[in-house]
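Take a look at the structure set out below.
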Amino acid sequence: MYTQALNQQDGVATQATPASEDAGAVARFEARVAAEDKIEPNDWMPAAYRRTLVRQISQHAHSEIIGMQPEGNWITRAPSLRRKAALLAKVQDEGGHGLYLYAAAETLGVSREELYAQLLSGKAKYSSIFNYPTLTWADIGAIGWLVDGAAIMNQIPLCRTSYGPYARAMIRVCKEESFHQRQGYEIMLTLSRGTAEQKAMAQDALDRWWWPSLMMFGPPDGESQHSDQSMRWKIKRFTNDDLRQQFVDATVPQGHHLGLTFPDPELRFDAEGGHWRFGAIDWAEFKAVLAGNGPCNRQRLKTRRNAHESGAWVREAALAHAAKRRARAAQPARAAE
Ligand code: BYC
């Protein structure tokens, strides 16, 4: 049996390397993964598998929570009651996704407080895409269409990821993301078929969100430090470049249907390969955003920290309420003594 003790490594709580991580245990684990068995919280798993899952699931949870901000920015300015209701529901869904994912990470033995502390201190990563500003209403359409579209492309395969709680959380998340993608595309369709000014607004949003959306899939395969191992463990089911290409192939015809132009002069259909080929991604920009120097990194963290601090009374009240209920539940037992 492995020990439940957790230690600190790379800023992430990890299981101490257990004495029993012998070749036999590892081989049995690998055979289960190869047989598409789901690994469950109480099953034996290599410490590095646990660490990788905590890293990926918690970064994913942080992305959902930080991802509420760019769109939350437009709730009070949505152009109609219908748009406002849909956007409000979408932003609430993102909060819910964050909660499922934190709960999935907790099954690996890490506490939610620890994960929040990593986010608030700036130590933990979250998706690069949420460090860009939402300047116009069309950005809400572009986020739904492109950002949620990219998220679905990445997350549908995660419904088959080898860790059971993560895979199950992804099933519901993907259903909701698919609604988000459609509401975004419908905003883009309405704007593209509207006045010249509205169409120009949709084009401008596509121009600004296209390249950052492609960066969401992570560095090119040759530079992806975790992909090989994560693919072997069936945590990831496709590489970053494969998913990026699938996204481009699915999205370019949708953009053409809108009558919009992609901000990539090298974009062309390769009839032989059956793929849309695209130009070079600016990886220097991606690295700058990851290093904390994107247009909104500081603002996003500041807003999250403020929300955490100003929500302290809610957490205290919930704890006090739970303590009161526990005390009340214990009373009849004491009276009977
Ligand atoms: N942004 O070895 P790699 C959403 C990091 S939003 C920031 O390829 P891996 C939503 C990576 O963490 C999407 N960091 O890593 C939609 C690693 O750094 P560390 C959130 C990135 O893990 C609408 C380093 O670069 N989705 O759902 O094998 C509204 C090397 O990369 C990014 C998920 O999180 C990036 N774009 O592959 C609201 C999906 N890309 O950890 C919310 C689950 C890479 O060594 N995650 N990095 O310091 C995944 O599928 C994988 O973690 C990734 C990266 C494909 C993202």
Exercise. Starting from the range 277-293, take each residue that is touching a residue at least 12 places away in the same chain (Cβ under 8 Å) and closer than 17 Å to S63 by Cα and list its partners that are surrounded by 15 or more Cβ atoms within 10 Å (Cβ to Cβ) and not polar (S, T, N, Q), counting only C-beta distances under 6 angstrom and pairs at least six apart or across chains.
Key: F286/M215
Practice problem: Of all residues in the range 184-201, count the ones that are buried (at least 19 other Cβ atoms within 10 Å of the Cβ) and among the polar types (S, T, N, Q). | Solution: 1
Exercise. Filter the range 238-256 down to residues that are free of Cβ contacts under 8 Å to residues at least 40 places away in the same chain and more than 15 Å from G279 (Cα to Cα) and give me whichever is least open to solvent (accessible area, probe 1.4 Å).
Key: N240
Quiz item: How many residues does the range 214-233 hold that are more than 10 Å from the ligand (Cβ to nearest atom) and surrounded by 19 or more Cβ atoms within 10 Å (Cβ to Cβ)?
Solution: 1
Exercise. Collect the residues in the range 50-82 that are more than 13 Å from the ligand (Cβ to nearest atom) and under 20 Å from R112 (Cα atoms), keeping them in residue-number order.
Key: R50
Practice problem: Restricting attention to the range 263-310, report how many residues are among the β-branched types (V, I, T) and under 17 Å from W210 (Cβ atoms). | Solution: 2
Exercise. Could you list, in sequence order, all residues of the range 276-293 that are open to solvent by 40 Å² or more (accessible area, probe 1.4 Å) and within 23 Å of M188 (Cβ to Cβ)?
Key: W276, F278
Quiz item: List the pairs whose first member sits in the range 214-230 and is of a type in the set (A, V, I, L, M, F, W, C), whose second member is in a loop (DSSP other than H, G, I, E, B) and more than 6 Å from the ligand (Cβ to nearest atom), and whose Cβ atoms are under 6 Å apart, counting only residues at least 6 apart or on separate chains?
Solution: L214/I281
Quiz item: When only residues in the range 166-182 that are of a type outside the set (A, V, I, L, M, F, W, C) and open to solvent by less than 20 Å² (accessible area, probe 1.4 Å) count, which is farthest from the ligand (Cβ to nearest atom)?
Solution: Y166
Exercise. Only helices (runs of 4 or more DSSP H) wholly contained in the range 53-157 count here; list those with 1 or more residues that are open to solvent by 30 Å² or more (accessible area, probe 1.4 Å).
Key: 68-72, 81-106, 112-120, 148-155
Quiz item: Among the residues of the range 310-323, is any crowded, with 18+ Cβ neighbours inside 10 Å and farther than 29 Å from L158 by Cα?
Solution: no
Quiz item: Does T107 qualify as being more than 27 Å from N131 (Cα to Cα) and modelled with pLDDT under 95?
Solution: no
Quiz item: Among the residues of the range 111-118, is any out of contact with any Gly (no Cβ under 9 Å at 6 or more places or on another chain), within 30 Å of P41 (Cβ to Cβ) and of a type in the set (F, W, Y)?
Solution: yes
Exercise. Scan the range 41-86 residue by residue and report those that are more than 27 Å from S178 (Cβ to Cβ) and among the acidic types (D, E).
Key: D43
Exercise. Give the residue that is nearest to the ligand (Cβ to nearest atom), with candidates limited to residues of the range 33-49 that are surrounded by 16 or more Cβ atoms within 10 Å (Cβ to Cβ) and under 20 Å from C159 (Cβ atoms).
Key: Y49
Practice problem: Consider only pairs whose beta carbons are under 7 Å apart and that are at least six residues apart or on different chains; among these, list those whose first residue lies in the range 48-71 and is more than 15 Å from L120 (Cα to Cα) and modelled with pLDDT of 95 or more and whose second residue is near the ligand (Cβ under 10 Å from one of its atoms) and basic (K, R). | Solution: E71/K90
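The values are calculated or read from the model by the stated rules, or taken from the named source; none is laboratory data. Quantities reported herein were computed from a predicted structural model and do not represent experimental measurements. Heads up, the Cβs are rebuilt from the backbone with ideal geometry, glycines too, and the neighbour counts pull from every protein chain shown. For the accessible areas, the whole protein counts, side chains as well, though only heavy atoms, and no ligand, DNA or RNA atoms are used. Shrake-Rupley method; radii C 1.70, N 1.55, O 1.52, S 1.80 Å.
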